[in-house]
Every structure is written in C-alpha cells, then in structure tokens.
Amino acid sequence: MRTQVGIIGAGPAGLMLALLLRREGIDAVVLESRSRAYVEQRVRAGLLEQWARDLLVEIGAGDRLQREGMVHDGIRLSCLGRLHAIDFRALVGRTVTIYDQKEVVKDLIALLIERGGEVLFEAEATAVDGITRDAPAIRFRHGGAETTLDCDIVAGCDGFHGIARPAIPDGVLTVYERGYPFGWLGILSESPPPSDELIYAYHERGFALFSMRAPTVSRLYLQCAPDEDVERWSDARIFDELETRLGGSCALARGRVLQKGVTPMRSVVVEPMQHGRLFLAGDSAHIQPPTGAKGMNLAFADVVYLSRALVAHYRQGRSDGLDAYSRTCLDRVWKAQRFSWFMTQLLHRFPDETAFDRRRQLADITYLAGSTAAATALAENYSGLPLA
Ligand code: FAD
Ligand code: DHB
C-alpha cells in the first residue's frame, strides 16, 4: 500500500490533517487502532477556541457545530461565594464554543469519508521504519494481516500513548515534564448546568469546574487525588462535594450520572517535534493539564502548520516550512503550556502549599476579577492566540 502522507491516529489531529491535505489534492491514509464506534464515543474535551471553530466551519465540518455548539462570551470564576464574569467578547472580541470532542470526531470522519478520504479503523500501527531515509513506511496490523504503508512523510497523530514518538531514536528528543499532585474526577450528568457559561471554582476543599455538553447535560469535575478510586464516590457524594465547592455562588441541579472517570494530570513537551520524515502532532508531542482546555485546540494548530508546510513541499518543492515545523509549533505549544499551568496553579490546592500561597491565589483571583488588564490577558489566551 502506498500514499503520500501516512497518518497514524484518527483523533482530532489526524482527521483534521487528512482533510486539510485532501482539500489540496495531497493523498493521505489514516490508520486508527480502534473501531469507528469507539473513537466516536470516547469522552474527552469539549471546548473550541474561536479560530478552531472557524476552521471547522471553513473546511465544511461546521453544519452540526453551528446548530448544536454553544457559543460562550466568557467564563465565570467562583470564589468565596461570589461569581466573577470574564467577558471575552467585550475584552478581546472573541468567543469560545462548547461542542463535545466526540462530536467533532464524528463530523470529521463523516466528512473525510464523504470526500473520498481513506481511514482504516482497527488498523494498529506497530512500527515506523526508515524515517531518516526518503521512503519511510508504517507497519500495521489490519484484519488479522501484517501490512505496510509506504509513504513520503509520516504524521504521528497517535496521542500520548502511541508508537510514533517512541519510534524516534534515543537521544534525539528532549522531554520537558511536570507532574501535578492531583487529578480530576469527572462526571456527565443529565441535569442543566448551574450557569449559562463555564464556572471555574476556587474553594478551600479544592477546585471544581462546571461545564456542559447541552442545555440539559452538565460536564462536572472535582479536583481529587491522582489515584482516586471512583468507586468511593457515590453520585450523591459527588453532587454534595460539587455543591460545597460552588460555595453558594449559585444553585446546582442534580441528575442521573451518565459517565464517571478520573483523569490524572501532567504537562509534557518533547522537542523537537520532528525527526527525519516523521512529524509529531497533537498529544503525541505534548499534553497539558485540562484546566486551560487547550489539548484539542493545540492538536488542530499543529496540523494547520504541518499541512501548510506539506503544501509548500509538494507544490513548490520547498522544505523551509517542514524545516521550521517544530519551531513554529513549539512557540504556540509553550504559550499554551504556560497558560494551562497558570490556570492550574491559580485554582487548585497543592499538598505542600503554605498560607502565603493561599493568600497569593486569592489576590490573583481578585486581581483578575477587578483589573481589565489582567482579565484581558486571560481572555486572549483562553479564547485562543492567533495562528502564526
Ligand atoms: P487523540 O485524540 O489521543 O487521538 C490519537 C488517536 O490515535 C486515537 O484515536 C488512538 O486510538 C490512535 N492510536 C494510538 N496508537 C495508535 C496506533 N499504534 N496505531 C493506530 N492508531 C493509534 N482539550 C481541549 O482542547 N479542550 C478541552 O476542554 C479538553 N478537555 C479535556 C478533558 C479531559 C477529561 C481529557 C482527558 C482531555 C481533554 N482535552 C481537552 C485534551 C484533548 O482531548 C486531547 O488533547 C486531544 O484528544 C488530542 O488529540 P490528538 O488527535 O492529538 O490525540
Ligand atoms: C471542559 C474541560 C476543560 O478542561 C475545560 O477547561 C473546560 C471545559 C469540558 O470538558 O467541557
């Protein structure tokens, strides 16, 4: 089997890359280890930056997003029983959209197939060969057979636990990493969210986030131990804790819990994001704590840069875009890492914190609530920095 660009992974990065290339007449094959049903149901992110929403509309995947996505003008910070609004539209003229990542994935798969793109599900990549030669190849297992996909370029869009990053020889990558001593216990609940915008709650018992998936479906998170056992959390205990952490700043409706899970937290960036003919994009190259809602958005930004570089490579025989790929991505990746870290350290409780740290967090939150300059910086980063 042969194609121009072999893409490993049908997550947001791989699917968007395939569509961007298809639009330019560049051939690609996407290999996905899971079934179509599995990737279309996987519970993940929910927030699109303004430019990412615009990109989905521009490539033709925006019909349902425009009907069902919930456009938010800003977020609210809950602290000491009060809600503080940060109005992105007023501060930076941008909005964000709540639309479940699994819906994004469904829309991208449907569009790619409609446009004649090739996605192989239950096709697990097992190795990448020859990345420092002109003709790399991806070995994969599909329908019980071992097959090879020969290509010019390999895009490693296979997430944090994929095989692309480990295919880069030892000593090439520098790994920058930071752990956090907590995780998030997340539920999906059949109940209306407590506010029409997301609430990020600072509380002495820990952070809580009140998000949504539809006007009648809430997505709610609690800061918890990184190895928290969900079985210890009955639905009633989760709602009691969420209500406590809202601190009376508004009322919380309860509903049937549809899904429950714990997400550990880490910041990781590898540099460079390329070796030879293998280019890493999205979670395969970087992950961040979810507090800034950056993961899916960064995955899209990486593949926009990669597709531009590939178009210049195939159309004009230019390699400058591909050579600059890692540098261009990392500039944005580090700004998103910084912002995700900022939101995380602002709102969570840390086991080694001091009374000084708590006072400093409170000062930071009241500064954000009262200063247009501080709120503008948050709004600019949260709603998405412009693409370079
Ligand atoms: P993935 O979505 O992980 O896709 C990789 C794909 O590769 C998968 O389908 C996988 O099955 C496949 N794969 C892996 N190995 C192989 C192999 N060997 N062969 C073939 N295929 C393979 N981000 C946001 O932007 N906003 C948010 O609000 C947000 N909230 C989040 C909340 C939670 C609870 C979590 C867990 C994440 C959140 N994120 C958020 C992060 C976001 O979900 C990820 O950053 C995003 O999925 C990255 O996309 P990706 O395409 O790089 O990787
Ligand atoms: C969601 C997740 C986040 O991490 C975030 O910051 C905002 C929203 C969500 O799942 O809706």
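Nothing in this text is a laboratory measurement; each read-out follows from the coordinates by a stated rule. On a predicted model such as this, the values are computed, not experimentally measured, just so you know. Using ideal geometry, Cβ is built from the backbone for each residue, glycine included, and neighbour counts are taken over all protein chains shown.
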- For segment 4-13, Karplus-derived ³J(HN,Hα) couplings (6.51, -1.76, 1.60; θ = phi - 60°; whole Hz; x for glycine and proline) come out as 7, 10, x, 10, 9, x, 9, x, x, 5
- Task: With only Lys, Arg, Asp and Glu charged, each at its Cβ (+1 for the first two, -1 for the last two), find how big the charge dipole of the chain is about the Cα centre; round to the nearest 20 debye.
- Result: 500
- Note on the structure: For the chain, whose charge dipole is built from +1 on Lys and Arg Cβ atoms and -1 on Asp and Glu Cβ atoms, the candidate among LEU362, ALA324, VAL270 with its Cα farthest towards the positive end is LEU362
- Message: Could you check the spin-label model distance between VAL172 and ARG44? Points 7 Å from the Cα along Cα→Cβ, value in nm.
- Response: 2.4
- Message: Neighbour counts of other C-beta atoms within 10 Å: give me ASP134, ASP73, ASP158, ASP150 arranged from fewest to most.
- Response: ASP134, ASP150, ASP73, ASP158
- Query: Between ASP229 and ARG266, what is the FRET efficiency for a Förster distance of 22 Å, r being their Cβ-Cβ separation, to the nearest 0.05?
  - Reply: 0.65
- Message: From the phi angles alone, apply the Karplus equation (6.51, -1.76, 1.60; θ = phi - 60°) to segment 239-253 and give each ³J(HN,Hα) in whole Hz, x where the residue is Gly or Pro.
- Response: 5, 4, 5, 4, 5, 4, 6, 6, x, x, 6, 6, 8, 10, 7
- Item | Other-chain or far-sequence residues with amide H under 5 Å of ALA61's (modelled H) | none
- Message: Under a crude label model (7 Å from the Cα following the beta-carbon direction), how far is ARG36 from ARG64 in nanometres?
- Response: 1.2
- Message: Let me check I've understood the local charge: for LEU80, count other residues with C-beta under 14 angstrom from its C-beta, Lys and Arg +1, Asp and Glu -1. What total comes out?
- Response: +4
- Report, in deg cm²/dmol and to the nearest 500, the calculated mean residue ellipticity at 222 nm for the chain, where each DSSP H run with n ≥ 4 adds -39500 (n - 2.57) and the sum is divided by the residue count. -11500 deg cm²/dmol
- Item | Per-peptide average of other Cβ atoms within 10 Å, ordering 250-261, 37-48 highest first | 37-48, 250-261
- Message: Of VAL5, LEU77, GLY60, which is farthest towards the positive pole of segment 1-105's charge dipole, taken about the Cα centre with +1 and -1 on the beta-carbons of Lys, Arg and Asp, Glu respectively?
- Response: LEU77
- Message: At a threshold of 8 angstrom on Cα-Cα distance, excluding pairs fewer than six apart, so keeping six or more, what relative contact order does the chain reach in percent?
- Response: 20
- Angle between the Cα long axis of helix 295-316 and the longest principal axis of the chain, 0 to 90 degrees, nearest 10? 30
- Message: How many angstrom lie between the Cα centre of segment 52-115 and the Cα centre of segment 15-45?
- Response: 20
